[in-house]
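Right, one structure below, let's go through it.
The values are calculated or read from the model by the stated rules, or taken from the named source; none is laboratory data. What you are looking at is a predicted structure, and each value in this text was computed from that prediction instead of being measured. Methodologically, a virtual Cβ is constructed for each residue, glycine included, from the backbone with ideal geometry; neighbour enumeration extends over all protein chains shown.
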Protein chains: 2
Amino acid sequence: MDPAFLAEVRHILDDARVSTGESVRALHARDQSSHAACLPDLVVWPQTTDEVSALVACAARFRVPVVGWGAGSSLEGNPIPLAGGMVIDFTYMNRILALHAADFQVVVQPGLLYKDMNRTLARHGLFFAPDPGANASIGGMIANNAAGTRTVKYGATRDNVLALEVVLADGSVVHTGSRSVKQSAGYDLTHLFIGSEGTLGLITAATLKLAPLPEQFSAAIASFPTTTDAANAVYAIMGSGIVPAALELLDASAMRYFLLNTPLDVPIAPTLLMEFHGATEAAIASELALVRELCADMGATTFVSGVGRDERDRIWQGRHHLFHAMVQTHPSQPYLITDVAVPISHYPELAAFIAELLDTMALDGALFGHAGDGNAHTVVFAPSDDAETLARLQHFNDQVVEKALALEGTCTGEHGVGIGKQKYLLREYDEATLTLMALLKRTLDPHNILNPGKVIPSSFLL
Amino acid sequence: MDPAFLAEVRHILDDARVSTGESVRALHARDQSSHAACLPDLVVWPQTTDEVSALVACAARFRVPVVGWGAGSSLEGNPIPLAGGMVIDFTYMNRILALHAADFQVVVQPGLLYKDMNRTLARHGLFFAPDPGANASIGGMIANNAAGTRTVKYGATRDNVLALEVVLADGSVVHTGSRSVKQSAGYDLTHLFIGSEGTLGLITAATLKLAPLPEQFSAAIASFPTTTDAANAVYAIMGSGIVPAALELLDASAMRYFLLNTPLDVPIAPTLLMEFHGATEAAIASELALVRELCADMGATTFVSGVGRDERDRIWQGRHHLFHAMVQTHPSQPYLITDVAVPISHYPELAAFIAELLDTMALDGALFGHAGDGNAHTVVFAPSDDAETLARLQHFNDQVVEKALALEGTCTGEHGVGIGKQKYLLREYDEATLTLMALLKRTLDPHNILNPGKVIPSSFLL
């Protein structure tokens, strides 16, 4: 690293907020995926937008890579500093800047953690609906267009951001969108940055759409003989016009892990976890009656509803912990998690395909995911880390993505492209479309300093 | 016009689909706004994406301006061919390409008219929710990010488009988005084109999100002593967590025009027109009871609910016809329509400001609009077309926009920037943000052939 660059950085921030220490760098070298770690050269902790702007302007002059860092909870290597350089850790930019409760809006800094924010908002009867499971940072959720269990009703992060403050690759600061929920004033820059994974700019503030905490809710659990039966029930429920607040599918293997941490009197069988939100008990009761009938039509063996608030909270806590529970029972085994999504009419075919593939490949894995959105996660573990075994994991992922694309779906519903999904983009998009994405990247970041090596395949950036 | 260009166009399309006739050009010279007409040099009617691509590629070689044309129903001069050139009329590209009823999706060509599409979709129990009033084309709705009465519940066009096929300025064709409702696979190109008013590319196909026709609905009408009382009721309703399917405010003047065409037993007074959608009668009844109470708290003098389907249809037809009814009663008088929107907490202040301004300026005008979204339209008429009178209309608009921006709002909620709103963009956005928009325009359309003179102020394109 150029000592002149470091000197300038130390001129922008006091010493306590600049680190080149080995252990600090190691803490910013990998996310929750199995992708290989890469050490940044230094880590900085700005406290203001002006500081971020000055840091990026400085990095631009010295052509130093810049990667934003939130909670490090992403699952596709999104923030791994592949080219070293400077990691900007947003931990100290974690304030709520303004709460507009009457407008169901909040303005926050990117380092604010999702759960911390929702704890504060709950005191005002409000919540930010996208629910990634992990205690992600808001900046990271926006950068990756995170989603989660409640997206089936409330939308993904993409659908719940009104305005952004963004530091561009030259250090200039732009303000996109509006606090007005309606706006047709020029190009939609807000959505250009959402899901761009820090490759087009660094988010330094965000205005989020909130939802009122539901007056009434009800959870329900249905068990099925086969994964395909459960997937057919998902399709039937979504086609009925009912909008669940969550509709999760777990195969028998996922249920085994789930029940380890969340004891419930339900069988180890393919299962739907559901939640319904409404204004009145009566409205929810009539929805539940219809859902019970649809599940029965698809062969449900058990249907439990009317669980109380505590049990419901316990169920969702268990669901959110599921991925980590699986990883923890396979200490130091390499793993891979799929994130494909398809139109709901194709979901039963996708689920059946994955179930059969897990079976024929005799992989140690489990299928789960946000079924109401057509989103399927499968975790598969490698019994060893030899090349052949890892290649089998990769082959599994390839097959699943291939199938999802054949079913008019996507290689990534919510984890983002990061490192692992770049090779699939040219199958998901045609060359002209990917060329346009690359053109945007080159235009907004001509020296390729913003999270280099991510999203756009490097062959498109030459 | 270069005869070589015309010859190439005639090579791409048969003669019947190319016109340089005066009357045809005049039909493509203005929209429904008061902005001055401009004749294009020729009008063409492609039938396929390949033809659009060939036409644009040809125009690019000859540096001929290209403007897309739908129904000509926009309100800000958006499709007026300011620089002449070629208008691409999408009338013959008006097919439904695929209906995915089980996924609540439809794939259509841009020339399909909104009402024609929804008539077909109704047979499948589905509808496209954004409701611009006019029988707009789908391509035009996407290009302008149109919204309307139902946006308060269902979102604007921006929120209801999943994927696009777009012809770029060099004639290349890109495919954005996915049929999967969740996708985090690279940059969100779909939203970049929505609302770009034909200045970044021409939409040749769109995949739309549909909603199921509501099982139950109920309309309600409440009258108030003052516009501010009605606006306060809007704020109270939206703050209650209830999500109306429509929440429109009409001041006394707007009501006078409304009742001319839609006789109803309600007073000529500031009025809220409302609709509620739900799964059960009981759910709607409980919402109505709360709304009635909130309106009473704000001083409502009458509250009529429980109108039948025919009367409800008549009310919304009358509401949609309102703008034209006003224009028709002022034959050949210049007019101007505002389209500001603000956060809902600021809506009462905005409405009060407009009411007072109409009064103090003694303008012949009426306030109405999609109040639930904080969106306010005011039509004002000029008694004559002398410069001084027109300057007063413009001064009125300036004042209203200024107020909306001071209230953290936007100069255009749904009509787009077109010609009339460019001068306000530099007040709505800071210079760096508008510079970024201009950079995108220059990057995607380096020769400025796509709808030149729109959206981005020309000083930013030098």
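Details
- Residue identified as of a type in the set (A, V, I, L, M) and either closer than 29 Å to A:Phe381 by Cα or in contact with a Lys or Arg (Cβ under 6 Å, 6 or more places away or on another chain) (or both) among A:Val66, A:Val56, A:Val18: A:Val18
- Positions within segment A:426-455 being assigned to a loop (DSSP other than H, G, I, E, B) and under 23 Å from the mean Cα position of the chain (by Cα), in sequence order: A:Tyr429, A:Asn451, A:Pro452, A:Gly453, A:Lys454, A:Val455
- Taking (1) under 29 Å from A:Ile142 (Cβ atoms); (2) more than 11 Å from chain B (Cβ to nearest Cβ); (3) out of contact with any Gly (no Cβ under 8 Å at 6 or more places or on another chain) in turn, A:Ala387 satisfies each apart from (1).
- Selection within segment B:214-228 - surrounded by fewer than 22 Cβ atoms within 10 Å (Cβ to Cβ) and not in a strand (DSSP E or B): B:Pro214, B:Glu215, B:Pro225, B:Thr226, B:Thr228
- Looking only at segment B:449-462, and only at residues there that are in contact (Cβ under 8 Å) with a residue 60 or more places away in the chain and more than 11 Å from chain A (Cβ to nearest Cβ), the one that is farthest from B:Pro65 (Cα to Cα): B:Gly453
- Filtering segment B:93-111 to residues that are part of a loop (DSSP other than H, G, I, E, B) and in contact with a Ser or Thr (Cβ under 9 Å, 6 or more places away or on another chain) leaves B:Met93, B:Asn94, B:Gln109, B:Pro110, B:Gly111.
- As a summary of the residue check, B:Leu290 satisfies the conditions (1) within 14 Å of chain A (Cβ to nearest Cβ); (2) in contact with a strand residue (DSSP E or B) (Cβ under 8 Å, 6 or more places away or on another chain) except for the one numbered (2).
- Enumeration of residues in segment A:254-282 that are charged (D, E, K, R) and within 14 Å of chain B (Cβ to nearest Cβ): A:Glu281
- Considering segment A:124-213, the qualifying helices (runs of 4 or more DSSP H), each wholly inside and each with 3 or more residues that are at the interface with chain B (Cβ under 9 Å from one of its Cβ atoms) and touching a residue at least 12 places away in the same chain (Cβ under 8 Å), run over A:189-193.
- Residue count for segment A:102-120 satisfying the condition of being within 14 Å of chain B (Cβ to nearest Cβ) and within 18 Å of A:Val161 (Cβ to Cβ): 5.
- When each of B:Glu311, B:Glu287 is tested for being charged (D, E, K, R) and either within 22 Å of A:Pro212 (Cα to Cα) or touching a Leu at 6+ places or on another chain (Cβ under 6 Å) (or both), the lone residue that passes is B:Glu287.
- Among residues of segment B:197-222, those that are within 24 Å of B:Gly369 (Cβ to Cβ) and touching a helix residue (DSSP H, G or I) at 6+ places or on another chain (Cβ under 8 Å), counted: 8
- Pairs, first more than 7 Å from chain B (Cβ to nearest Cβ) and within 14 Å of A:Leu82 (Cβ to Cβ) in segment A:410-430, second buried (at least 24 other Cβ atoms within 10 Å of the Cβ) and of a type in the set (Val, Ile, Thr), C-beta under 8 Å, six or more apart: A:Gly418/A:Ile80; A:Gly418/A:Val455; A:Ile419/A:Ile80; A:Gln422/A:Val455; A:Gln422/A:Ile456
Residues checked against (1) within 28 Å of B:Lys421 (Cβ to Cβ); (2) β-branched (Val, Ile, Thr); (3) assigned to a loop (DSSP other than H, G, I, E, B):
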{"position": "B:Arg30", "(1), (2), (3)": "yes, no, yes"}
{"position": "B:Ser34", "(1), (2), (3)": "yes, no, yes"}
{"position": "B:Cys38", "(1), (2), (3)": "yes, no, yes"}
{"position": "B:Val43", "(1), (2), (3)": "yes, yes, no"}
{"position": "B:Gln47", "(1), (2), (3)": "no, no, yes"}
{"position": "B:Val67", "(1), (2), (3)": "yes, yes, no"}
{"position": "B:Ser73", "(1), (2), (3)": "yes, no, yes"}
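- Look at segment A:277-293: where a residue is within 12 Å of A:Gln216 (Cα to Cα) and a partner is of a type in the set (Lys, Arg), sitting 6+ places away or on another chain with Cβ atoms under 7 Å, you get A:His277/A:Lys153.
- Exactly one residue among A:Ala325, A:Ala352, A:Ala382 is touching a helix residue (DSSP H, G or I) at 6+ places or on another chain (Cβ under 6 Å), within 20 Å of A:Gly148 (Cα to Cα) and among the small types (Gly, Ala, Ser), and that residue is A:Ala325.
- Considering each residue of segment B:408-416 in turn, at least one proves to be surrounded by fewer than 24 Cβ atoms within 10 Å (Cβ to Cβ) and either under 23 Å from B:Met298 (Cα atoms) or not small (Gly, Ala, Ser) (or both).
- Residue within segment A:2-23 that is in a helix (DSSP H, G or I), over 27 Å from A:Leu164 (Cα atoms), under 25 Å from the mean Cα position of the chain (by Cα) and without any contact (Cβ under 8 Å) to a residue 40 or more places away in the chain present: no
- Residue within segment A:65-83 that is over 23 Å from the mean Cα position of the chain (by Cα) and acidic (Asp, Glu) present: no
- Within segment A:327-343, residues that are touching a residue at least 40 places away in the same chain (Cβ under 8 Å) and farther than 30 Å from B:Ser178 by Cβ have Cβ atoms under 6 Å from residues that are hydrophobic (A, V, I, L, M, F, W, C) and not in a loop (DSSP other than H, G, I, E, B) in these pairs: A:His330/A:Phe381; A:Gln333/A:Phe381, counting only partners at least 6 apart in sequence or on another chain.
- One residue from A:Leu405, A:Leu357 being touching an Asp or Glu at 6+ places or on another chain (Cβ under 8 Å) and either surrounded by fewer than 23 Cβ atoms within 10 Å (Cβ to Cβ) or not assigned by the TED database to the domain that holds A:Ala230 (or both): A:Leu405
- Selection over segment B:431-441 of residues that are more than 9 Å from chain A (Cβ to nearest Cβ) and within 16 Å of B:Thr199 (Cβ to Cβ) gives a count of 1.
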